[in-house]
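First up is the structure itself, then whatever we jot down about it.
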Amino acid sequence: MSLPLQPNPMSTATTETPGAGTPAAQPSTTTDTKTVTLRLSSANGPVTRTVLSQPPREALPHEIPIINISALTNPSATLAERQSIADQIRTAALTNGFFYITEHGIPASVTSAAHSSSLSFFRQPVEQKQPANAALYSKYNFGWKPPQSQRINPFEGADLRETFSWRYDPAYDPSLSADDVDRIPEEVKKYIQIDEGDFPWSATTKDTPEFKRDVIKLFQDVLELGRLLGRSFALSLGLDEHDWDGKFTYPGVGMAVNWYPPLPPSTATSPTNTEPAEKNVSIGSHTDFQLFTLLYQDPSSPATALQVLSRCPEAGRTPGGEEIYQWLYAKPIPGTFVVNFGDYMQRITNDRYPSTVHRVQNFLAAAPLSGINEERCAEEHNGERLSMAFFFGFNQDETVEVLDSCVDYARGEKKKYEAVSCFEWNLRRFKAMHDLGSGNVNGAGKGS
(Lines give C-alpha, C1' and ligand atoms only; values in the text may rest on other atoms or scores of the structure.)
Protein backbone atom coordinates (compact mmCIF):
# COMPACT_ATOMS: atom_id res chain seq x y z
CA MET A 1 0.00 0.00 0.00
CA SER A 2 1.33 3.42 -0.92
CA LEU A 3 1.31 6.48 1.29
CA PRO A 4 -2.07 8.20 1.67
CA LEU A 5 -3.08 10.12 -1.41
CA GLN A 6 -2.71 13.78 -0.54
CA PRO A 7 -5.33 16.31 -1.58
CA ASN A 8 -4.46 18.82 -4.25
CA PRO A 9 -3.84 22.22 -2.60
CA MET A 10 -6.07 23.75 -5.26
CA SER A 11 -8.99 21.56 -4.20
CA THR A 12 -8.99 21.89 -0.43
CA ALA A 13 -11.67 24.56 -0.45
CA THR A 14 -14.05 22.47 -2.53
CA THR A 15 -14.35 19.46 -0.28
CA GLU A 16 -17.89 20.38 0.76
CA THR A 17 -19.40 18.14 -1.90
CA PRO A 18 -22.57 16.11 -1.46
CA GLY A 19 -22.54 14.74 2.07
CA ALA A 20 -19.31 16.42 3.14
CA GLY A 21 -18.89 18.57 6.19
CA THR A 22 -17.52 22.09 6.28
CA PRO A 23 -13.93 22.22 5.03
CA ALA A 24 -11.09 23.55 7.10
CA ALA A 25 -10.69 27.33 7.02
CA GLN A 26 -8.61 28.57 4.12
CA PRO A 27 -6.80 31.87 3.65
CA SER A 28 -9.25 34.19 1.93
CA THR A 29 -8.33 36.74 -0.68
CA THR A 30 -10.91 39.32 -1.64
CA THR A 31 -11.33 40.17 -5.30
CA ASP A 32 -13.15 42.72 -7.43
CA THR A 33 -13.58 40.20 -10.22
CA LYS A 34 -17.16 40.11 -11.54
CA THR A 35 -18.83 36.79 -10.87
CA VAL A 36 -22.18 35.05 -11.07
CA THR A 37 -23.61 32.29 -8.89
CA LEU A 38 -24.23 28.89 -10.46
CA ARG A 39 -26.80 26.71 -8.70
CA LEU A 40 -26.84 22.92 -8.87
CA SER A 41 -28.67 19.98 -7.34
CA SER A 42 -27.01 17.36 -5.14
CA ALA A 43 -28.02 14.47 -2.89
CA ASN A 44 -28.07 16.93 0.03
CA GLY A 45 -29.98 19.75 -1.61
CA PRO A 46 -29.10 22.81 -3.69
CA VAL A 47 -25.43 23.79 -3.91
CA THR A 48 -23.61 26.69 -5.53
CA ARG A 49 -20.44 27.71 -7.35
CA THR A 50 -19.05 31.22 -7.87
CA VAL A 51 -18.18 31.57 -11.57
CA LEU A 52 -16.27 34.24 -13.49
CA SER A 53 -18.62 36.46 -15.46
CA GLN A 54 -16.70 36.16 -18.70
CA PRO A 55 -16.81 33.98 -21.82
CA PRO A 56 -15.53 30.39 -21.56
CA ARG A 57 -12.08 29.76 -22.99
CA GLU A 58 -10.30 26.83 -24.58
CA ALA A 59 -8.74 24.44 -22.05
CA LEU A 60 -4.96 24.36 -21.85
CA PRO A 61 -3.23 20.97 -22.32
CA HIS A 62 -2.52 20.53 -18.60
CA GLU A 63 -6.11 21.42 -17.68
CA ILE A 64 -7.68 18.61 -19.75
CA PRO A 65 -4.73 16.40 -20.73
CA ILE A 66 -4.53 13.65 -23.34
CA ILE A 67 -3.39 10.31 -21.87
CA ASN A 68 -2.15 7.45 -24.06
CA ILE A 69 -3.46 4.25 -22.45
CA SER A 70 -2.07 1.72 -24.94
CA ALA A 71 -0.30 -0.15 -22.12
CA LEU A 72 -3.71 -1.11 -20.69
CA THR A 73 -4.61 -3.09 -23.81
CA ASN A 74 -1.14 -4.53 -24.40
CA PRO A 75 -0.74 -7.96 -22.72
CA SER A 76 3.04 -7.60 -22.67
CA ALA A 77 3.02 -4.21 -20.92
CA THR A 78 4.80 -4.08 -17.58
CA LEU A 79 3.33 -3.02 -14.27
CA ALA A 80 5.61 0.02 -14.39
CA GLU A 81 4.07 1.05 -17.71
CA ARG A 82 0.56 0.65 -16.32
CA GLN A 83 1.58 2.55 -13.19
CA SER A 84 2.77 5.42 -15.39
CA ILE A 85 -0.74 5.69 -16.85
CA ALA A 86 -2.22 5.56 -13.35
CA ASP A 87 0.07 8.40 -12.27
CA GLN A 88 -1.08 10.55 -15.18
CA ILE A 89 -4.70 9.80 -14.30
CA ARG A 90 -4.07 10.81 -10.70
CA THR A 91 -2.60 14.12 -11.82
CA ALA A 92 -5.62 14.76 -14.05
CA ALA A 93 -7.99 13.78 -11.25
CA LEU A 94 -6.37 16.21 -8.84
CA THR A 95 -6.47 19.02 -11.41
CA ASN A 96 -9.93 19.16 -12.99
CA GLY A 97 -11.14 15.56 -13.07
CA PHE A 98 -11.45 15.60 -16.87
CA PHE A 99 -9.07 14.08 -19.42
CA TYR A 100 -8.95 12.50 -22.87
CA ILE A 101 -7.77 8.95 -23.54
CA THR A 102 -6.17 7.85 -26.79
CA GLU A 103 -4.87 4.49 -28.09
CA HIS A 104 -7.74 2.89 -26.18
CA GLY A 105 -8.18 -0.10 -28.51
CA ILE A 106 -11.67 0.68 -29.83
CA PRO A 107 -11.50 0.89 -33.65
CA ALA A 108 -12.66 4.05 -35.36
CA SER A 109 -14.94 1.86 -37.48
CA VAL A 110 -16.92 0.93 -34.35
CA THR A 111 -17.44 4.49 -33.14
CA SER A 112 -18.19 5.69 -36.67
CA ALA A 113 -20.82 2.99 -37.24
CA ALA A 114 -22.53 3.74 -33.91
CA HIS A 115 -22.40 7.45 -34.67
CA SER A 116 -23.89 7.04 -38.14
CA SER A 117 -26.63 4.66 -36.98
CA SER A 118 -27.54 6.96 -34.11
CA LEU A 119 -27.96 9.89 -36.47
CA SER A 120 -30.20 7.75 -38.65
CA PHE A 121 -32.38 7.00 -35.64
CA PHE A 122 -32.66 10.57 -34.35
CA ARG A 123 -33.21 12.15 -37.78
CA GLN A 124 -36.40 10.13 -38.24
CA PRO A 125 -39.79 11.83 -37.88
CA VAL A 126 -41.16 11.84 -34.35
CA GLU A 127 -43.84 9.27 -35.15
CA GLN A 128 -41.17 6.71 -36.09
CA LYS A 129 -39.32 7.21 -32.78
CA GLN A 130 -42.47 7.17 -30.70
CA PRO A 131 -42.62 3.33 -30.32
CA ALA A 132 -39.39 3.60 -28.29
CA ASN A 133 -40.74 6.37 -26.03
CA ALA A 134 -39.32 5.77 -22.55
CA ALA A 135 -42.12 7.50 -20.64
CA LEU A 136 -44.84 5.52 -22.40
CA TYR A 137 -43.43 2.01 -22.67
CA SER A 138 -40.53 1.41 -20.26
CA LYS A 139 -40.75 0.34 -16.66
CA TYR A 140 -37.31 1.86 -16.02
CA ASN A 141 -37.43 4.94 -18.27
CA PHE A 142 -35.22 3.32 -20.93
CA GLY A 143 -35.54 4.31 -24.55
CA TRP A 144 -36.19 7.52 -26.46
CA LYS A 145 -36.83 10.82 -24.68
CA PRO A 146 -38.20 13.73 -26.73
CA PRO A 147 -36.66 17.22 -26.68
CA GLN A 148 -37.25 19.32 -23.56
CA SER A 149 -38.60 16.29 -21.66
CA GLN A 150 -35.55 16.33 -19.36
CA ARG A 151 -34.24 18.97 -16.98
CA ILE A 152 -31.03 17.85 -15.32
CA ASN A 153 -30.54 21.18 -13.54
CA PRO A 154 -33.74 22.50 -11.92
CA PHE A 155 -32.35 26.04 -11.83
CA GLU A 156 -31.84 26.17 -15.59
CA GLY A 157 -34.11 25.53 -18.54
CA ALA A 158 -35.31 22.21 -19.90
CA ASP A 159 -32.61 20.36 -21.84
CA LEU A 160 -32.87 20.92 -25.58
CA ARG A 161 -31.80 17.39 -26.55
CA GLU A 162 -33.20 14.04 -27.50
CA THR A 163 -31.84 10.99 -25.70
CA PHE A 164 -31.83 7.24 -26.16
CA SER A 165 -30.87 5.57 -22.88
CA TRP A 166 -30.35 2.02 -21.73
CA ARG A 167 -28.62 0.15 -18.89
CA TYR A 168 -26.44 -2.92 -18.51
CA ASP A 169 -28.03 -6.20 -19.57
CA PRO A 170 -25.85 -9.28 -18.88
CA ALA A 171 -27.21 -10.92 -22.04
CA TYR A 172 -25.11 -8.42 -24.01
CA ASP A 173 -21.99 -8.69 -21.84
CA PRO A 174 -19.23 -10.26 -24.00
CA SER A 175 -17.45 -11.59 -20.91
CA LEU A 176 -20.43 -13.81 -19.96
CA SER A 177 -21.68 -17.01 -21.56
CA ALA A 178 -25.35 -17.98 -21.58
CA ASP A 179 -24.65 -20.31 -18.66
CA ASP A 180 -22.97 -17.46 -16.77
CA VAL A 181 -26.08 -15.32 -17.22
CA ASP A 182 -28.29 -18.13 -15.90
CA ARG A 183 -26.07 -18.44 -12.81
CA ILE A 184 -26.17 -14.79 -11.74
CA PRO A 185 -26.91 -14.80 -7.99
CA GLU A 186 -30.39 -13.67 -7.01
CA GLU A 187 -29.00 -11.01 -4.67
CA VAL A 188 -27.31 -9.47 -7.70
CA LYS A 189 -30.06 -10.10 -10.25
CA LYS A 190 -32.62 -8.07 -8.32
CA TYR A 191 -30.62 -4.90 -9.02
CA ILE A 192 -30.33 -5.49 -12.78
CA GLN A 193 -33.12 -3.60 -14.53
CA ILE A 194 -34.33 -5.08 -17.83
CA ASP A 195 -37.54 -4.27 -19.69
CA GLU A 196 -39.56 -7.11 -21.18
CA GLY A 197 -39.28 -8.07 -24.83
CA ASP A 198 -35.82 -6.56 -25.32
CA PHE A 199 -37.29 -3.06 -25.08
CA PRO A 200 -36.24 -0.45 -26.13
CA TRP A 201 -34.17 -2.11 -28.87
CA SER A 202 -37.18 -4.06 -30.13
CA ALA A 203 -38.89 -0.75 -30.89
CA THR A 204 -36.07 0.43 -33.18
CA THR A 205 -35.42 -2.55 -35.44
CA LYS A 206 -38.25 -1.95 -37.93
CA ASP A 207 -36.96 1.35 -39.35
CA THR A 208 -33.32 1.42 -38.17
CA PRO A 209 -32.15 -2.19 -37.62
CA GLU A 210 -28.50 -1.10 -37.71
CA PHE A 211 -29.01 1.16 -34.67
CA LYS A 212 -29.18 -1.71 -32.17
CA ARG A 213 -26.37 -3.64 -33.85
CA ASP A 214 -23.91 -0.77 -33.99
CA VAL A 215 -24.62 0.89 -30.64
CA ILE A 216 -24.55 -2.39 -28.71
CA LYS A 217 -21.23 -3.25 -30.35
CA LEU A 218 -19.80 0.04 -29.11
CA PHE A 219 -21.37 -0.56 -25.69
CA GLN A 220 -19.66 -3.95 -25.48
CA ASP A 221 -16.27 -2.52 -26.43
CA VAL A 222 -16.63 0.35 -23.97
CA LEU A 223 -17.69 -2.12 -21.27
CA GLU A 224 -14.38 -3.95 -21.62
CA LEU A 225 -12.47 -0.67 -21.77
CA GLY A 226 -14.17 0.54 -18.60
CA ARG A 227 -13.11 -2.58 -16.74
CA LEU A 228 -9.50 -1.95 -17.80
CA LEU A 229 -9.73 1.66 -16.70
CA GLY A 230 -11.08 0.49 -13.35
CA ARG A 231 -7.75 -1.26 -12.77
CA SER A 232 -5.86 1.90 -13.65
CA PHE A 233 -7.99 3.95 -11.27
CA ALA A 234 -7.32 1.43 -8.50
CA LEU A 235 -3.57 1.75 -9.12
CA SER A 236 -3.84 5.52 -9.06
CA LEU A 237 -5.40 5.31 -5.60
CA GLY A 238 -2.67 3.16 -4.08
CA LEU A 239 -4.57 -0.14 -4.45
CA ASP A 240 -3.64 -3.34 -6.22
CA GLU A 241 -4.76 -3.08 -9.84
CA HIS A 242 -7.05 -6.10 -9.46
CA ASP A 243 -8.71 -5.02 -6.20
CA TRP A 244 -11.86 -3.86 -8.02
CA ASP A 245 -12.14 -6.68 -10.56
CA GLY A 246 -14.85 -8.44 -8.56
CA LYS A 247 -16.87 -5.24 -8.30
CA PHE A 248 -17.27 -4.93 -12.08
CA THR A 249 -18.68 -8.42 -12.82
CA TYR A 250 -22.22 -7.08 -13.43
CA PRO A 251 -21.54 -3.35 -13.36
CA GLY A 252 -24.09 -0.60 -13.06
CA VAL A 253 -23.37 0.88 -16.49
CA GLY A 254 -25.81 3.28 -18.08
CA MET A 255 -25.69 4.57 -21.63
CA ALA A 256 -27.10 7.78 -23.08
CA VAL A 257 -26.92 8.66 -26.77
CA ASN A 258 -27.67 12.39 -26.90
CA TRP A 259 -28.67 14.32 -30.00
CA TYR A 260 -28.51 18.11 -29.69
CA PRO A 261 -30.03 20.53 -32.21
CA PRO A 262 -28.48 24.01 -32.18
CA LEU A 263 -29.78 26.35 -29.51
CA PRO A 264 -32.00 29.15 -30.85
CA PRO A 265 -29.84 32.29 -31.17
CA SER A 266 -32.55 34.53 -29.72
CA THR A 267 -32.84 32.61 -26.45
CA ALA A 268 -29.68 30.60 -26.03
CA THR A 269 -26.68 31.51 -23.94
CA SER A 270 -23.90 31.68 -26.50
CA PRO A 271 -20.24 31.07 -25.63
CA THR A 272 -19.65 34.81 -26.06
CA ASN A 273 -22.18 35.78 -23.40
CA THR A 274 -21.16 36.22 -19.78
CA GLU A 275 -24.24 35.09 -17.87
CA PRO A 276 -24.95 31.44 -17.01
CA ALA A 277 -27.64 29.61 -18.95
CA GLU A 278 -31.05 30.15 -17.38
CA LYS A 279 -33.33 29.82 -20.40
CA ASN A 280 -32.56 27.26 -23.08
CA VAL A 281 -29.71 24.82 -22.49
CA SER A 282 -28.52 21.80 -24.42
CA ILE A 283 -27.92 20.00 -21.14
CA GLY A 284 -27.79 21.89 -17.87
CA SER A 285 -24.88 22.25 -15.45
CA HIS A 286 -24.48 19.05 -13.46
CA THR A 287 -22.18 16.37 -12.09
CA ASP A 288 -22.43 12.67 -12.96
CA PHE A 289 -23.68 10.22 -10.35
CA GLN A 290 -21.45 7.18 -10.52
CA LEU A 291 -17.73 6.34 -10.54
CA PHE A 292 -16.69 7.64 -13.93
CA THR A 293 -18.00 8.47 -17.39
CA LEU A 294 -16.62 7.68 -20.85
CA LEU A 295 -17.86 10.07 -23.53
CA TYR A 296 -17.60 9.88 -27.29
CA GLN A 297 -17.99 13.24 -29.04
CA ASP A 298 -18.67 13.63 -32.74
CA PRO A 299 -15.26 15.00 -33.83
CA SER A 300 -16.88 17.40 -36.30
CA SER A 301 -19.39 18.85 -33.84
CA PRO A 302 -19.00 22.39 -32.44
CA ALA A 303 -15.75 22.78 -30.54
CA THR A 304 -17.35 24.98 -27.91
CA ALA A 305 -20.27 22.73 -26.95
CA LEU A 306 -18.92 20.66 -24.03
CA GLN A 307 -17.92 22.97 -21.17
CA VAL A 308 -16.13 22.06 -17.95
CA LEU A 309 -16.14 24.13 -14.75
CA SER A 310 -12.55 24.64 -13.66
CA ARG A 311 -11.02 26.22 -10.59
CA CYS A 312 -9.49 29.61 -11.31
CA PRO A 313 -6.94 30.37 -8.55
CA GLU A 314 -5.56 33.38 -10.42
CA ALA A 315 -8.93 35.12 -9.93
CA GLY A 316 -8.44 35.08 -6.16
CA ARG A 317 -11.41 34.46 -3.89
CA THR A 318 -14.69 36.11 -3.08
CA PRO A 319 -14.91 38.42 -0.06
CA GLY A 320 -16.33 35.42 1.79
CA GLY A 321 -13.26 33.33 0.98
CA GLU A 322 -14.93 31.10 -1.63
CA GLU A 323 -13.07 29.74 -4.63
CA ILE A 324 -13.84 31.19 -8.05
CA TYR A 325 -14.41 29.00 -11.10
CA GLN A 326 -14.42 29.46 -14.87
CA TRP A 327 -15.86 27.58 -17.84
CA LEU A 328 -13.48 25.78 -20.22
CA TYR A 329 -14.18 24.19 -23.61
CA ALA A 330 -13.43 20.46 -23.93
CA LYS A 331 -13.27 20.38 -27.72
CA PRO A 332 -13.73 17.13 -29.68
CA ILE A 333 -10.45 15.39 -30.50
CA PRO A 334 -10.67 12.62 -33.12
CA GLY A 335 -9.86 9.14 -31.87
CA THR A 336 -10.38 9.95 -28.19
CA PHE A 337 -12.89 9.46 -25.42
CA VAL A 338 -13.40 12.06 -22.71
CA VAL A 339 -13.23 10.67 -19.16
CA ASN A 340 -14.55 12.37 -16.03
CA PHE A 341 -15.22 11.30 -12.48
CA GLY A 342 -18.60 11.12 -10.77
CA ASP A 343 -20.07 11.66 -7.32
CA TYR A 344 -19.54 8.11 -6.07
CA MET A 345 -15.84 8.27 -6.92
CA GLN A 346 -15.61 11.54 -5.04
CA ARG A 347 -17.20 9.94 -1.98
CA ILE A 348 -14.95 6.90 -1.81
CA THR A 349 -11.83 9.03 -2.37
CA ASN A 350 -12.76 11.43 0.44
CA ASP A 351 -12.94 14.27 -2.10
CA ARG A 352 -9.49 13.56 -3.56
CA TYR A 353 -11.02 12.91 -7.01
CA PRO A 354 -13.69 15.57 -7.44
CA SER A 355 -16.82 15.15 -9.49
CA THR A 356 -16.49 18.07 -11.90
CA VAL A 357 -19.43 20.22 -13.02
CA HIS A 358 -20.01 20.32 -16.76
CA ARG A 359 -22.68 21.26 -19.29
CA VAL A 360 -23.38 21.38 -23.03
CA GLN A 361 -24.14 24.59 -24.92
CA ASN A 362 -24.56 23.61 -28.57
CA PHE A 363 -24.46 27.12 -29.95
CA LEU A 364 -22.61 27.80 -33.17
CA ALA A 365 -22.22 31.58 -32.88
CA ALA A 366 -18.73 31.33 -31.47
CA ALA A 367 -15.24 32.07 -32.73
CA PRO A 368 -13.62 28.88 -34.09
CA LEU A 369 -11.04 27.22 -31.90
CA SER A 370 -7.71 26.22 -33.33
CA GLY A 371 -8.05 23.40 -35.87
CA ILE A 372 -11.85 23.49 -35.92
CA ASN A 373 -13.82 24.84 -38.87
CA GLU A 374 -17.15 25.91 -37.36
CA GLU A 375 -18.60 26.96 -40.74
CA ARG A 376 -17.92 23.50 -42.19
CA CYS A 377 -19.52 21.90 -39.11
CA ALA A 378 -22.62 24.03 -39.57
CA GLU A 379 -22.91 23.17 -43.25
CA GLU A 380 -22.39 19.41 -42.82
CA HIS A 381 -24.43 18.87 -39.69
CA ASN A 382 -26.93 21.76 -39.63
CA GLY A 383 -25.57 22.61 -36.21
CA GLU A 384 -26.47 19.25 -34.64
CA ARG A 385 -24.24 17.51 -32.13
CA LEU A 386 -24.22 13.82 -31.20
CA SER A 387 -22.50 12.28 -28.20
CA MET A 388 -22.54 8.85 -26.61
CA ALA A 389 -21.98 8.69 -22.86
CA PHE A 390 -21.31 5.57 -20.78
CA PHE A 391 -21.72 5.94 -17.01
CA PHE A 392 -19.77 3.35 -15.02
CA GLY A 393 -20.50 2.12 -11.53
CA PHE A 394 -19.64 -0.93 -9.48
CA ASN A 395 -22.07 -3.84 -9.25
CA GLN A 396 -25.21 -2.26 -7.80
CA ASP A 397 -25.16 -4.49 -4.71
CA GLU A 398 -21.63 -3.35 -3.80
CA THR A 399 -21.01 -1.05 -0.84
CA VAL A 400 -17.65 0.71 -0.81
CA GLU A 401 -16.38 2.77 2.10
CA VAL A 402 -14.01 5.71 1.87
CA LEU A 403 -10.63 4.23 0.90
CA ASP A 404 -7.99 4.21 3.61
CA SER A 405 -5.42 5.29 1.02
CA CYS A 406 -7.38 8.55 0.71
CA VAL A 407 -7.38 9.40 4.41
CA ASP A 408 -4.29 10.91 6.06
CA TYR A 409 -4.79 9.52 9.56
CA ALA A 410 -1.36 10.78 10.66
CA ARG A 411 -2.60 14.35 10.20
CA GLY A 412 -5.85 13.70 11.98
CA GLU A 413 -7.96 13.46 8.84
CA LYS A 414 -11.22 11.53 9.05
CA LYS A 415 -13.56 9.84 6.62
CA LYS A 416 -16.16 12.36 5.48
CA TYR A 417 -18.78 9.96 4.20
CA GLU A 418 -20.67 6.95 5.46
CA ALA A 419 -20.68 3.77 3.39
CA VAL A 420 -23.58 3.53 0.93
CA SER A 421 -24.38 0.92 -1.70
CA CYS A 422 -24.13 1.89 -5.34
CA PHE A 423 -27.83 1.19 -5.82
CA GLU A 424 -28.83 3.35 -2.84
CA TRP A 425 -26.55 6.16 -3.98
CA ASN A 426 -28.13 6.26 -7.43
CA LEU A 427 -31.59 6.34 -5.85
CA ARG A 428 -30.58 9.30 -3.71
CA ARG A 429 -29.23 11.24 -6.66
CA PHE A 430 -32.21 10.50 -8.90
CA LYS A 431 -34.60 11.44 -6.10
CA ALA A 432 -32.77 14.70 -5.44
CA MET A 433 -32.97 15.62 -9.11
CA HIS A 434 -36.65 14.65 -9.29
CA ASP A 435 -37.62 16.56 -6.12
CA LEU A 436 -35.82 19.69 -7.23
CA GLY A 437 -37.29 19.44 -10.68
CA SER A 438 -40.74 19.28 -9.09
CA GLY A 439 -40.20 22.60 -7.36
CA ASN A 440 -38.86 21.39 -4.01
CA VAL A 441 -35.74 23.53 -3.76
CA ASN A 442 -35.41 23.65 0.02
CA GLY A 443 -32.08 22.68 1.51
CA ALA A 444 -28.64 24.07 2.08
CA GLY A 445 -25.10 23.24 1.27
CA LYS A 446 -22.30 23.78 -1.16
CA GLY A 447 -20.37 21.57 -3.51
CA SER A 448 -21.13 19.46 -6.56
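The values are calculated or read from the model by the stated rules, or taken from the named source; none is laboratory data. Owing to the predicted nature of the structure, the values given are computational and were not obtained by experimental measurement. In this analysis, Cβ positions are derived from the backbone assuming ideal geometry, glycine residues included, and neighbour counts consider all displayed protein chains. Surface accessibility is based on the protein's heavy atoms, side chains included, excluding ligands, DNA and RNA. Shrake-Rupley method; radii C 1.70, N 1.55, O 1.52, S 1.80 Å.
Summary of packing: across the peptides 78-84, 178-184, 325-331, 236-242, the per-residue average of other C-beta atoms within 10 Å ranks them, highest first, as 325-331, 236-242, 78-84, 178-184.
Residues SER175, SER232 ordered from highest to lowest accessible area at a 1.4 Å probe: SER175, SER232. The listed residues TYR168, TYR409, once ranked by accessible area (1.4 Å probe) with the largest placed first, stand as TYR409, TYR168.
Electrostatic tally near PRO251: other residues with Cβ closer than 12 Å to its Cβ, Lys and Arg +1, Asp and Glu -1, net -3. Averaged over residues, the count of other Cβ atoms within 10 Å places the peptides 149-161, 301-313, 124-136 in the sequence 301-313, 149-161, 124-136, highest first. Counting charges near GLY105 (Lys, Arg +1; Asp, Glu -1) among other residues having Cβ under 9 Å from its Cβ returns a value of -3. The HN-Hα couplings worked out from phi for segment 211-224 by the Karplus form 6.51 cos²θ - 1.76 cosθ + 1.60 (θ = phi - 60°) are 4, 4, 4, 6, 6, 5, 4, 5, 4, 5, 5, 5, 4, 5 Hz, whole numbers, x standing for Gly and Pro. Applying 1/(1 + (r/R0)^6) with r as the Cβ-Cβ distance of LEU79 and GLU127 and R0 = 41 angstrom yields a FRET efficiency of 0.15.
What the Cβ-Cβ distance of ASP180 and GLU314 gives, at R0 = 45 Å and to the nearest 0.05, is a FRET efficiency of 0.25.
A protection proxy built from the mean count of other Cβ atoms within 10 Å ranks the segments 281-293, 104-116, 334-346, most packed first, as 281-293, 334-346, 104-116.
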